[in-house]
Amino acid sequence: MQKTFVCIWFKYFKTDRLLIRQPDLKDRPLVLIRKEHGKMLISAANEQVLKQGVQHNTSLADARAIIPGLLSFDDLPEKATTWLKALAVYCNRFCPSVSLSGTDTLFLDVTGCTHLWGGDAPYLQAIRQCFAAIGYQLRLSMADTMGAAWALTRYGKDDLIVPPHRQMDAMLLLPPAALQLEAALLARLDKLGLKTICQLLQLPRSALLRRFGQVLLDRIDACSGQRMESWEPVFPPVKYQERLASLEPILTRTGVEMALQNLLEKITAQLKRDGMGIRQAVFTGFKTGHEPVQIEVGTQLAVQDPRRVFRLFEIKLEALSVEPGIDSFLLDIPRTDPVKEKQEKIWQGSAERNCEELAELIDRISNKFGAHRISRFLPDEHHWPERAYQKTNPLFGGEQVQWPSMDRPVVLLSVPEEIQVSVPVPDYPPLLFRHKGQVHEIIQADGPERIEQEWWLQEGLSRDYYIVEDKNGQRYWLFRSGNYASGSKPSWFLHGYFG
Amino acid sequence: MSVLTTEIKKKLEQEVLALGGFRHQAKEGLRRPDLGLINQAFPGGLFPVGAVHEFLPENKEQMVASQGFLSAVLPALMGPDGLACWITAKRELYPPGLARFGLAADKLIFLELPRAVDRLWALEEMLRSTLVSAVVAETDAISFVQSRRFQLAVEASGGTGFLLRSPSATRSVLSTIASWKISAIKSRMPDGLPGVGFPGWRVEILKARNGRAGVWELFWEGNGFACKELTESGAIHRLKKII
Amino acid sequence: MSFCELQISSNFSFLRGASHPEEMVDAAADLGYRALAITDRNSIAGIVRGHVAAKKKGIRMLPACRLDLQDAPSLLAYPMNKPGYAKLCTLLTLGNLRTEKGSCLLYRSDLEKENEDIQFALVPPRQFSENYDFAADFYTDASYYRELLGNRLSLVVACGYEGQDAKRLFRLQTLSKKLDMPLLASNDVYYHAPDRRQLQDVLTCVREKTTIQQAGYLLHRNAERHLKAIHEMKRLFLHYPDALKRSLELEEICQFSLDSLEYVYPEEIKSPDRTAQEELVELTWKGANERFPEGIAEKTRLSLEHELNFVQKKNYASYFLTVYDIVRFARSQNILCQGRGSAANSSICYCLGITSVNPNKFDLLFERFLSAARDEPPDIDVDFEHERREEVIQYIYNKYGRDRAAIVATVTELHQKGAIRDVGKAMGLSVDAINRLAESIWHFSDEWFEGKKVREQGMNPQDPHLRKVSATVGAAYRWLCN
């Protein structure tokens, strides 16, 4: 398939970055320096400095000689990729796939994306504006191949959009350096008087191969599209993803809702064709010069109905901050599941329709508050009270469930609370207990129920549980940790309340 | 003058109830708990479903008593296939402890929402849903208007709501079908057995719409209720066992 | 003495009890018990060892067992006398013969036919309903048993520390009064000391073919099922002193002891008009004449007389005749057979043709075979030609009938690796881990328990779960090897 690439060259990447952080240096001559073989060399310089004739890799001393008021800052070369990646993230609003090149260039695979912005030119405009708002200067170009796009940002006109298949035409007058060749080879070509790519193309291929090697041919072929260029995206590919751009920034909630609905319709149509449904969806709104805003929703079952997913987003849309306007939207579906022909039955005896309805209900709640707020439980066969139940899926799990009928309290404290008791030893029920300053006289009691530790899970003291009823009829679950044996003084606790 | 047969009487009652907006109350074949003598507090002698009840515990023990009472009432509303929802600030309900009241905890959806406003939102969602037979929610402050909304929600869905109003929150008047106060009383031991017996509650209905207030003693006897009314005169009616 | 424990499951209740009869006896003696009873399920396999251990310790062990029926609740059974014991053995044999090896099927109809001279105790179910009561079936069955067994029925009560002890006891007390049958206190013992509970849990897993992580409510919730101090039993049954007393009453009523058993030899081995000794004497001299056709030497004659006198004093004649009969049959069929071992020291055996060596020729001492000092019956080992030994077995069965002859089996000791496998499985180890653990032992050495050998197999001996497994296997192995 015919691809289209945009190349973004951050011409003054490092110095722009510095300026963003120290805006008061705006009109000063700036360089970033690195130490090499004992000498301080220039890694990056801003426009002002370059215009005055100072080149990269000049020594700082020489540069100072030319520009006395030069300001120099330490470069952090190992950070370059990280910084560039951060900018790549910004490009996510424009296209699904971004790749890094060197320490100052990004490639965007914009195949099929530009129409969303209303055309190639508005598309490039949007990119430029996006980065300008942050403070970066760019050189942009668009072409069928990365090689050509790269060449044009360096040596061609800015903002050049090369029509399909015409990239070699656009490159004819560019120097051989535009082919990203090594310095030695470039020197040779220069010596031979080959100063334009046009001249190179006039030579027969076999001659080029013989005299200058495979590399030259490879580079030419990459630019023309004859040879495949390798592509290493910064982000892993997301299968289901849709973008929407607006000419005017959107300022109303209605506008955002309409964008979301539009994207949902598009994506669910694709998913339906593939027999898949949404399990997780992320909706992002990009603003020029501001952090993007994002909402995420998840579902219990794979959903294909766009309205259902919209309702889940709706819960959180209110909290979305629209100011000062959203330019483009992105809908990502990181997680999908195949949509089953027949929905599984939840529990026993529920109708099919109920399953979906219940899933929707659960989705609404879990998206608003978080899935961890919803619980459902099944019994777990353990004598130790804290382990006698287990968490399970809110919808599924647990046919033919039997809860053993045991004397257990309705309310169990997550942490047992210490009490003082008056009790005949060794293991009779207490006569009274004091809890939080209140004394309870015990009229009736059952127990002890002695529960030892489940030795394969945990060591520790056994517990003797007592069901006690005070003179007001209030019923409590108490336990003693350990036994009264030879002088030990075990602790007593309140663990629960009976209804 | 025609004789007022029981049938005609019943039909008239239903029509009156329907006029008063109690469509659900009058419906035949609805699942509802049978609380024996306590039923008499309500119009038609039927425990109100498709409505919102409120509970007014004064302390932790009364709160737990209400929770126990509701655990025994919920299964009747849910039936074998139904599901219910229990909304609390912090989950302290112990699933294995509900079985003794006949409530299977796997048929419950627990929501743990520390913020009161969240609980109210969730409560309304659950009350609206036709899938949920009963919802119990711990509430702090609620307005009358909110309670009206809940009432409308259950009238449409047919579910039953139970508000456990926090002892520490200010209690405004609400639009509920009944107000209850439950506290524990000494357990009843059959056959002179030692130890703690069948749990008992003092069940007080403070107000019931189109019904009457009263105080009863109710016991859960392992697999069903047994109830006796405590009348003002002091006379105690015979204990009637309800299956 | 104020109490004796009459409900104990030893390891002969297969995969239920976690202590040997000897360990139970030792522990009981240490706690000051003067009598106890081991009630294994449908088995009396353990009572001999228990009896011997008890005698050594100077306490009494009542022969008893627990009858698990298919269609009625379980009963503890205590023979009152020898006929009672015989009836109990008959019942067990009946149940065993009905089904495959290792199982025993008994029905109430069996009990209806045969239950005299035995004291019974009804074991109540473990479950208690929500109404704090037993299932209605239990009450019906209790009445049925009361009707069937008259006043030879008690009702077992135990305090399991499972929360409802007081209510259970009350219900059982009510039943006991209603049906007029006494309560019998017990601790429903499964192991002799509380630290055996872990092994008992592992056994449960092996029995139920599950793992310790999955066993759930199959395991006991506490370690109370051990032999308790008598003063503790008195405390637990403070309100039911009669239940404690009943254990003493039963001990008094059931005076049968295994000591009173002696072997009754079959009649068929001799002519009806002679005594066994007379028969033996005749056969011996006849055989002597055949062995020494030139005449019996004086030394030999003296030996024979000496031996025959001894045999008469000790009443062992029948035994020799029994063996002689089998050997005679074998020889008549030209089946090779040979007596061996200490029997070769006996001139009688030589003359009867049981052995082929003249003891006098080689100065073999009769006292090595039989002596007054050793109060044991004789032990004559005879080897039969392997391929034809089935014919000999058939002869015995045909002569005496299948209900009077049996092949004695020994309870095999579990191989070391088998022990590890079972325990490993029960502890939920993966198949791979189990194999490696089993391979890591040559024998249970200290090295193994220190983990050196375990480490060689690539497993971390410090892993807490693995340490648990090692400790349990070690305990199991030592226990199984006893």
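Structure notes:
- Qualifying residue in the stretch C:63-70 (condition: surrounded by fewer than 21 Cβ atoms within 10 Å (Cβ to Cβ), over 18 Å from residue C:22 (Cβ atoms) and of a type in the set (A, V, I, L, M, F, W, C)): yes
- Whichever residue in the stretch A:439-479 is free of Cβ contacts under 8 Å to residues at least 24 places away in the same chain, more than 8 Å from every other protein chain (Cβ to nearest Cβ) and assigned to a strand (DSSP E or B) and, among such residues, is surrounded by the fewest Cβ atoms within 10 Å (Cβ to Cβ): A:439
- Single residue of the stretch A:393-427 satisfying the filter (exposed (fewer than 15 other Cβ atoms within 10 Å of the Cβ) and under 24 Å from residue B:184 (Cα atoms)) that is nearest to the other protein chains (Cβ to nearest Cβ): A:414
- Pair list, Cβ < 7 Å and 6+ apart or interchain, from the stretch C:39-56 residues that are surrounded by 23 or more Cβ atoms within 10 Å (Cβ to Cβ) to residues that are basic (Lys, Arg) and not in a helix (DSSP H, G or I): C:39/C:66; C:40/C:66; C:54/C:60
- Listed here are the helices (runs of 4 or more DSSP H) enclosed by the stretch A:165-282 that have at least 1 residues being touching a strand residue (DSSP E or B) at 6+ places or on another chain (Cβ under 8 Å): A:167-171, A:253-274.
- Residue within the stretch C:329-346 that is open to solvent by less than 90 Å² (accessible area, probe 1.4 Å), over 25 Å from residue C:393 (Cβ atoms) and touching a residue at least 24 places away in the same chain (Cβ under 8 Å) present: yes
- Counting only residues that are assigned to a helix (DSSP H, G or I) and within 27 Å of the chain's Cα centre (by Cα), the stretch A:369-393 holds 4 of them.
Residue-by-condition table, conditions (1) under 11 Å from the mean Cα position of the chain (by Cα); (2) under 27 Å from residue C:152 (Cα atoms); (3) at pLDDT 90 or above:
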| residue | (1), (2), (3) |
| --- | --- |
| C:39 | yes, yes, yes |
| C:53 | no, no, yes |
| C:62 | no, yes, yes |
| C:69 | no, yes, yes |
| C:81 | no, yes, yes |
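- Selection within the stretch B:156-174 - open to solvent by 50 Å² or more (accessible area, probe 1.4 Å) and more than 26 Å from residue B:61 (Cβ to Cβ): B:156
- Yes/no for residue C:424 being modelled with pLDDT of 70 or more, outside any helix (DSSP H, G or I) and not assigned by TED's automatic domain parsing to the domain that holds residue C:349: no
- Any chance residue B:37 is assigned to a helix (DSSP H, G or I), under 23 Å from residue B:181 (Cβ atoms), more than 10 Å from chain A (Cβ to nearest Cβ) and more than 17 Å from the chain's Cα centre (by Cα): no
- Matching option when the condition is more than 12 Å from chain A (Cβ to nearest Cβ), under 23 Å from residue B:102 (Cβ atoms) and open to solvent by less than 10 Å² (accessible area, probe 1.4 Å), among B:205, B:182, B:177: B:205
- Selected residue (criterion: farthest from residue A:382 (Cα to Cα)) from residues of the stretch A:408-438 that are of a type in the set (Ser, Thr, Tyr) and part of a strand (DSSP E or B): A:422
- Considering the stretch C:291-306, and only residues there that are without any contact (Cβ under 8 Å) to a residue 60 or more places away in the chain and in a helix (DSSP H, G or I), the residue that is most open to solvent (accessible area, probe 1.4 Å) turns out to be C:298.
- Among the residues listed as C:249, C:232, C:279, the single one being open to solvent by less than 90 Å² (accessible area, probe 1.4 Å), free of Cβ contacts under 8 Å to residues at least 60 places away in the same chain and under 30 Å from residue A:427 (Cα atoms): C:232
- Residue check, residue B:134 more than 7 Å from chain A (Cβ to nearest Cβ) and either in contact with a strand residue (DSSP E or B) (Cβ under 9 Å, 6 or more places away or on another chain) or buried (at least 18 other Cβ atoms within 10 Å of the Cβ) (or both): yes
- Condition met for residue A:85 (open to solvent by 20 Å² or more (accessible area, probe 1.4 Å), assigned to a loop (DSSP other than H, G, I, E, B) and under 27 Å from residue A:245 (Cα atoms)): no
- Pairs linking a residue in the stretch C:14-30 that is surrounded by fewer than 19 Cβ atoms within 10 Å (Cβ to Cβ) to a residue that is hydroxyl-bearing (Ser, Thr, Tyr) and modelled with pLDDT of 90 or more, with Cβ atoms under 6 Å and 6 or more positions apart or on different chains, are C:16/C:9.
- Residues of the stretch A:292-349 satisfying the condition of being of a type in the set (Gly, Ala, Ser) and at pLDDT below 85: A:349
- Unique match (being farther than 24 Å from residue A:472 by Cα and either open to solvent by less than 10 Å² (accessible area, probe 1.4 Å) or facing another protein chain (nearest Cβ under 9 Å) (or both)) among B:98, B:93, B:103, B:70: B:103
- None of A:139, A:128 is closer than 13 Å to residue A:6 by Cβ, touching a helix residue (DSSP H, G or I) at 6+ places or on another chain (Cβ under 8 Å) and among the basic types (Lys, Arg) except A:139.
The values are calculated or read from the model by the stated rules, or taken from the named source; none is laboratory data. Being a predicted model, the structure only gives us computed values, none of them experimental. Glycine gets a Cβ as well: all are built from the backbone with ideal geometry, and neighbour counts include every protein chain shown. These accessible areas exclude ligands, DNA and RNA; they are computed on the full protein's heavy atoms, side chains included. Shrake-Rupley method; radii C 1.70, N 1.55, O 1.52, S 1.80 Å.
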